[in-house]
Structure formats: structure tokens, C-alpha cells
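Structure, as C-alpha cells:
The values are calculated or read from the model by the stated rules, or taken from the named source; none is laboratory data. Bear in mind that the values here come from a model prediction, so they are computed numbers and not experimental data. Cβ sites come from the backbone with ideal geometry, for glycine too, and all protein chains shown count toward neighbours.
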Amino acid sequence: SQQGEEDPQALSIQEGENATMNCSYKTSINNLQWYRQNSGRGLVHLILIRSNEREKHSGRLRVTLDTSKKSSSLLITASRAADTASYFCATNSGAGSYQLTFGKGTKLSVIP
Amino acid sequence: KAGVTQTPRYLIKTRGQQVTLSCSPISGHRSVSWYQQTPGQGLQFLFEYFSETQRNKGNFPGRFSGRQFSNSRSEMNVSTLELGDSALYLCASSSVSGTDTQYFGPGTRLTVL
């Protein structure tokens, strides 16, 4: 079953602009991870944020987590054409398992 | 370190047949998970193995099974294939002493005719 819901489902921006994607989830989590997928290929791990963290940065990526609202956001700054991909959030509830529950994803198109 | 590898990358089968997919995790990783990705259902968890034991299982019929070997390599098997089993099957591995990050392989694209 899908726990997360990404918003928007699709996003089209110009190169150099910032892209923001949101994710909501339903149950308590141990951590939340963001992944990128290019055209039906494997998932590339972008960033992991734990339930006791509020914000993390990695290069041009910034992730926030609000556990009270059960939501997270991914910001990609100064986007590039190579950022064109689908982005998924995935939650892990812990409890001795690495099982991830994925959202439906946001399809990002960066226009050169 | 080499990443997660999956074989074969592409597979075409007919209804009623069975198929076995293979996954080799990153060296040192003992947890392997499998996911099915379809346009309609998205990414869904199949099962997770840790030290040769199934630790968790998703909501899939018994036709889907898996196992893990002592070297942490894992296989999943789908018997009596149905058209709806056409999907991208992804394998992920994780280090138990790491950061809980799941590293995914390139996937096996299964087409059932």
C-alpha cells in the first residue's frame, strides 16, 4: 500500500529555477528517504532524514521533515536538465525492518 | 565498492511459466529487499531477507517467493506467471551497521505475454 503522497504529481521548470516537491505520509516513521529514478531505471538514493531531524542538506538538495504534520519537502536549487527524473519519497517505520513504503512520485522536467 | 547487481536485466515469459530473478547486494550488506514497480500500483514492497531469514513480507500472493543465501545473494521466484506480473523488479541492499540507507540495483524488467 502507498503511504506517501507526493505533490505535485508533475512539475515543469526552466533550468536554473528551484524545484520543490512535497511528500505526506500516514504513520509514524523512523526515517524518510528521497530517491530519484530516470526513465524506469533503478532508484538512486538522494538523502535520508531521521525522525528526530528537521532539515538536511546535500549539495543542491535540501530536505525538511515535519513529523507533527507528517510531511516532508525536497528542494532542488539551481536545477539542471540532468535533474529531469521522477522523485520518490519513501518512509521506514523501523521496528527491525528496512521495508520502505513509497509515494507515487513527482515527475520533474527541467527545460534547458 | 561495486553496487547492487541484478540479473537478468530483461526477461520475456509467457503466462503460466515461472521465473527466477537474482540479486547480489553490495559487499558486506546482509539485508536484501525486493520491490515491484508497475505504472498502476507504483513501488510495492515484496519481501526482505536478513541473514538468510525472511524478516518481512508484503501483500503479495504465495506465487511470489524468495530466498537468501549465506553469501547474502538473493533470488526471487514467481510461479504461474500472470499478465499483471509484468513489472520492473527492484532489489535493494542495506548494511545493518550503516545509516539504514537502501541502495537499489538497476532492476529486472519482466514482460509476461
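Filtering B:94, B:72 for residues that are within 11 Å of another protein chain (Cβ to nearest Cβ), closer than 26 Å to residue A:45 by Cβ, small (Gly, Ala, Ser) and surrounded by 14 or more Cβ atoms within 10 Å (Cβ to Cβ) leaves a single hit, B:94.
Among the conditions (1) away from chain A (no Cβ under 11 Å); (2) over 24 Å from residue A:36 (Cα atoms), residue B:59 misses just one, which is (1).
Hey, among the residues in the stretch A:89-109 that are part of a strand (DSSP E or B) and buried (at least 19 other Cβ atoms within 10 Å of the Cβ), which one's modelled with the lowest pLDDT? Restricting to residues being part of a strand (DSSP E or B) and buried (at least 19 other Cβ atoms within 10 Å of the Cβ), the top hit is A:92.
For residue A:58, the conditions (1) within 24 Å of residue B:108 (Cα to Cα); (2) within 14 Å of chain B (Cβ to nearest Cβ) are fulfilled apart from (1).
Table: residues versus (1) of a type in the set (A, V, I, L, M); (2) within 21 Å of residue B:95 (Cβ to Cβ); (3) surrounded by fewer than 16 Cβ atoms within 10 Å (Cβ to Cβ); (4) touching a strand residue (DSSP E or B) at 6+ places or on another chain (Cβ under 7 Å).
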position: A:35; (1), (2), (3), (4): no, yes, no, yes
position: A:72; (1), (2), (3), (4): no, no, no, yes
position: A:87; (1), (2), (3), (4): no, no, no, yes
position: A:111; (1), (2), (3), (4): yes, no, yes, yes
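Of the residues examined, residue B:38 is one that is surrounded by 13 or more Cβ atoms within 10 Å (Cβ to Cβ), within 25 Å of residue A:104 (Cα to Cα) and of a type in the set (Ser, Thr, Tyr).
Each row is one residue, and each column tells you yes or no for (1) closer than 26 Å to residue A:110 by Cα; (2) touching a Leu at 6+ places or on another chain (Cβ under 9 Å); (3) within 13 Å of chain B (Cβ to nearest Cβ).
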site	(1), (2), (3)
A:28	no, no, no
A:44	yes, no, yes
A:50	no, yes, yes
A:64	yes, yes, no
A:72	yes, yes, no
A:80	yes, no, no
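Among the residues making up the stretch B:1-37, those that are assigned to a strand (DSSP E or B), touching a Ser or Thr at 6+ places or on another chain (Cβ under 9 Å) and within 11 Å of another protein chain (Cβ to nearest Cβ) are B:5, B:6, B:31, B:32, B:33, B:34. Candidates are the residues of the stretch B:75-91 that are crowded, with 19+ Cβ neighbours inside 10 Å and over 24 Å from residue B:3 (Cα atoms); the one that is nearest to the other protein chains (Cβ to nearest Cβ) is B:85. Candidates are the residues of the stretch A:52-67 that are part of a strand (DSSP E or B) and among the charged types (D, E, K, R); the one that is surrounded by the most Cβ atoms within 10 Å (Cβ to Cβ) is A:62.
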